[in-house]
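A quick write-up on the structure given underneath.
The values are calculated or read from the model by the stated rules, or taken from the named source; none is laboratory data. All values derive from a computational prediction rather than experimental measurement. All Cβ positions, glycine included, derive from the backbone under ideal geometry; neighbour counts span all protein chains shown.
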């Protein structure tokens, strides 16, 4: 599982997402074990990169939040990927909620 997290983390950094952070939530009472949070500069860029992710991973169904593009969520079973524009990331502040669960690579 950790190798997939690292691959996804590196992929997001390569795609120019900012402040990419991985959280280990495996000990929480959630349906997933890990969350990745990343930020881009605009809705247009967020949707553009979400499209690239969909293409690269063979995903045919648009992820939750794609239409608005401010907060796009990919569900990879045990890994949830949150793609934000800056204002939405600040507003919902998942980083504060999960700060003690932050992982480093």
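Here are some conditions: (1) farther than 23 Å from residue 3 by Cβ; (2) under 14 Å from the mean Cα position of the chain (by Cα); (3) touching a residue at least 24 places away in the same chain (Cβ under 8 Å); (4) assigned to a loop (DSSP other than H, G, I, E, B). Residue 32 meets all but one. Which one does it not meet?
Here residue 32 clears every test but (1).
If a residue has to be at pLDDT 95 or above, part of a loop (DSSP other than H, G, I, E, B), in contact with a helix residue (DSSP H, G or I) (Cβ under 9 Å, 6 or more places away or on another chain) and closer than 18 Å to residue 18 by Cβ to count, how many in region 66-105 make the cut?
Number of matching residues: 2.
Residue-wise test of (1) more than 13 Å from the chain's Cα centre (by Cα); (2) surrounded by fewer than 17 Cβ atoms within 10 Å (Cβ to Cβ); (3) farther than 20 Å from residue 96 by Cβ.
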| residue | (1), (2), (3) |
| --- | --- |
| 3 | yes, yes, yes |
| 22 | no, no, no |
| 50 | no, no, yes |
| 60 | yes, yes, yes |
| 79 | no, no, yes |
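How many residues does region 10-29 hold that are assigned to a helix (DSSP H, G or I) and closer than 22 Å to residue 70 by Cβ? Walk me through it before giving the result.
Filtering region 10-29 for residues assigned to a helix (DSSP H, G or I) gives 10-14.
Subsequent filtering for residues that are closer than 22 Å to residue 70 by Cβ retains 11-13.
Summing the residues that are assigned to a helix (DSSP H, G or I) and closer than 22 Å to residue 70 by Cβ in region 10-29 gives 3.
May I ask you to list pairs of residues, at least six apart or on different chains, whose Cβ atoms are under 6 Å apart, with the first in region 1-27 being under 18 Å from residue 78 (Cα atoms) and the second being modelled with pLDDT under 95 and in a strand (DSSP E or B)?
22/103; 24/103
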